[in-house]
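All remarks here apply to the structure that follows.
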């Protein structure tokens, strides 16, 4: 299990997904994170939350003429020199609430004082569970919902092997610089799933402990499809993809979503673009919407006038089968892709009334 978590963490770092690593004292969380950064050829800045003040994240106020600026700390300025830095926020749950709030701004807006961090900087936090942490507390829901939560525990067999043979880290998956095809696939899967289970889009827990971990929100679902796509592009195992998705939306929601993705048999969007009449418009609503969303996403990856017009023909097949409402939802993305000099597609006229009624155009 520890290798699964290492691989999931490595993928998250590479795509800039903030991670919260939970584990008991002495499990080697800090060493593992620093080792991973080294494997990925990235500098690692360690910022211990329990000994920091809010000013270490919002900056120290300095008077400059008639105004005040906020000077960033050295760890932040070094991130400018090395844009692929891993910022390791250790002992996050023992930080004071004011410090946690300041950290939230750094993770959300990538701003430290008046300094904006590069988009390639990655954030990893680590903490002991509150019940075994001196002065520890649960994460505030807004901060918790920014992270992918992973549970770390050193593997006994690996630890014994390391003691005997030395601590040689295993290779981790490498995410390619572009994985637009995988993103298109998982975007379509998510669209179909949420159509079938709209209530699962947001499920804020009622108890404080659960609010401080992974739970479904529009933000975490968006992040979930991105980590799933990155895991596929990196050739990671199903367990790694599952750990990443679960770390964002929680166990129950992740099981449902991944089961849907595994059982949904979607037509190849390229085949539908080549032969629009092959669309099975009698499919379940969620499967049909996922299929149409996959076509739209495929066009967005490589958008030409010919492919754009073919996509409209696919939607027209659904419309002619009495599924204009589903086609109208999928058409929004195509509308946004239209270039100023492209003619209006004749196929769109069939469900224009639905678009107007739904205020989509």
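Tabulated values for the structure
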quantity	calculated
Top-ranked residue in the stretch 275-292 [being in a loop (DSSP other than H, G, I, E, B) and closer than 17 Å to residue 197 by Cβ; ranked as nearest to the chain's Cα centre (by Cα)]	284
Test: residue in the stretch 197-220 that is assigned to a helix (DSSP H, G or I) and surrounded by 20 or more Cβ atoms within 10 Å (Cβ to Cβ)	yes
Qualifying residues in the stretch 103-126 (those that are in a helix (DSSP H, G or I) and out of contact with any strand residue (DSSP E or B) (no Cβ under 9 Å at 6 or more places or on another chain)) - the one surrounded by the most Cβ atoms within 10 Å (Cβ to Cβ)	104
Residues that are assigned to a loop (DSSP other than H, G, I, E, B) and either in contact with a strand residue (DSSP E or B) (Cβ under 8 Å, 6 or more places away or on another chain) or loosely packed, with under 13 Cβ neighbours inside 10 Å (or both), drawn from the stretch 247-274	265
Failed item in (1) at negative phi; (2) out of contact with any strand residue (DSSP E or B) (no Cβ under 7 Å at 6 or more places or on another chain); (3) modelled with pLDDT of 90 or more, with residue 294 passing the rest	(3)
Selection within the stretch 231-246 - in a helix (DSSP H, G or I) and either surrounded by fewer than 24 Cβ atoms within 10 Å (Cβ to Cβ) or more than 9 Å from the chain's Cα centre (by Cα) (or both)	231, 232, 233, 238, 239, 240, 241, 242, 243, 246
Qualifying residue in the stretch 155-168 (condition: part of a helix (DSSP H, G or I), in contact (Cβ under 8 Å) with a residue 12 or more places away in the chain and within 13 Å of the chain's Cα centre (by Cα))	no
Residue match in the stretch 150-157 (condition: farther than 30 Å from residue 294 by Cβ, modelled with pLDDT under 85 and surrounded by 15 or more Cβ atoms within 10 Å (Cβ to Cβ))	yes
Strands (runs of 3 or more DSSP E) completely within the stretch 6-90 that count 2 or more residues being surrounded by fewer than 18 Cβ atoms within 10 Å (Cβ to Cβ), free of Cβ contacts under 8 Å to residues at least 60 places away in the same chain and more than 19 Å from the chain's Cα centre (by Cα)	44-48, 60-64, 67-71
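The values are calculated or read from the model by the stated rules, or taken from the named source; none is laboratory data. Computed from a predicted structure; not experimentally measured. Heads up, the Cβs are rebuilt from the backbone with ideal geometry, glycines too, and the neighbour counts pull from every protein chain shown.
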